[in-house]
Amino acid sequence: VDLCDEAIRLARVVVELMPGEAEAAGLLALMLLHHSRRETRASAEGELVLLEEQDRSRWDHDMIDEGLAVLDRALGAGVPGPYQVQGAIAALHARAPRPEDTDWSQIAGLYAVLYRMQPSPVVELNRVVALAMADGPITALPLLDALEERLNRYHLFHSTKADLLRRLDRLEDAAASYRRALDLATNPYERKF
């Protein structure tokens, strides 16, 4: 938490020193929106809490308001950049009062924009996750399979695949993907989850 607070402080300094730099503001907005959820990412027992299971009433809504205002100013400059797009994705999560209110189609579209700016298999993985949330796992699974060669050593690829397979009631395949994710995960909280 202290490290994040310091990063946000420094980002505020950069924005103050470079008020015309939209990407600096985009980065500040992104950090504020993510940090607003800090108290809900883990349970009292220290276990990982997924975004859709977090108590949104415990999110820091003053920080969200600040992040949204900073993002609006950044986007208003008309010079889009990757941090602004990521901030816009975080804003859609922050604006949804309940997980089921999240605009996953718009998030998928923003990940497509981000991919054009910064093509990477992890950005594409995030787009596939958003598509799965918007359109269902049957639509997303072939897109996910296309990423396997590039992300075979990435635990979140395998946990994503496991979740999609589980949602399709393909439990044996899901279990195999969960085992692969567990083998690759190094974070103790993620391994426990």
Helix axis angle, 155-167 relative to the chain longest principal axis, alpha carbon, degrees
60
For R153 and E39 in the same chain, what is the full-extension length gain: residue separation times 0.36 nm, less their Cα-Cα distance, in nm?
38.0 nm
Cα centre as origin, Lys/Arg/Asp/Glu Cβ charges: region 1-84 dipole, Debye
220
If you put +1 on each Lys and Arg Cβ and -1 on each Asp and Glu Cβ, how big is the dipole of the chain around its Cα centre, in Debye rounded to 20?
380
Which log10 I(q)/I(0) values, to two decimals, does region 145-189 give at q = 0.27 Å⁻¹ under the Debye formula with one point per Cα?
-0.92
Long-range HN-HN contacts of A42 with modeled amide H, under 5 Å:
V49
Just the ratio, please: alpha-carbon radius of gyration of the chain over 2.2 N^0.38 Å, N its number of residues.
1.08
Report, to the nearest whole %, how much of the accessible area of region 1-121 belongs to carbon and sulfur atoms, 1.4 Å probe, protein only.
56
Under the definition of Cα pairs under 8 Å and six or more residues apart, what whole-number percent is the relative contact order of region 71-193?
15
Could you work out the local net charge near D2, counting Lys and Arg as +1, Asp and Glu as -1, over the other residues with Cβ closer than 13 Å to its Cβ?
0
Only four residue types carry charge here, +1 at the Cβ of Lys and Arg and -1 at the Cβ of Asp and Glu. Report the dipole size of region 37-140 about the Cα centre in Debye, rounded to the nearest 20.
400
Just to confirm a number: summing +1 for Lys and Arg and -1 for Asp and Glu over residues other than K161 whose beta-carbon lies under 14 angstrom from that of K161, what do you get?
-1
Roll a 1.4 Å probe over the protein chains and send me the accessible area per residue for region 62-124 in Å².
49
Using the Cβ atoms and a cut-off under 15 Å, what net charge is assigned to the surroundings of A146, where Lys and Arg are +1 and Asp and Glu are -1?
-1
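The values are calculated or read from the model by the stated rules, or taken from the named source; none is laboratory data. The structure displayed is predicted, hence computed values, not measured ones. We place every Cβ from the backbone using ideal geometry, glycine too, and count neighbours over all the protein chains shown. Side chains are part of the model used for accessible areas, which takes the heavy atoms of the whole protein and leaves out ligands, DNA and RNA. Shrake-Rupley method; radii C 1.70, N 1.55, O 1.52, S 1.80 Å.
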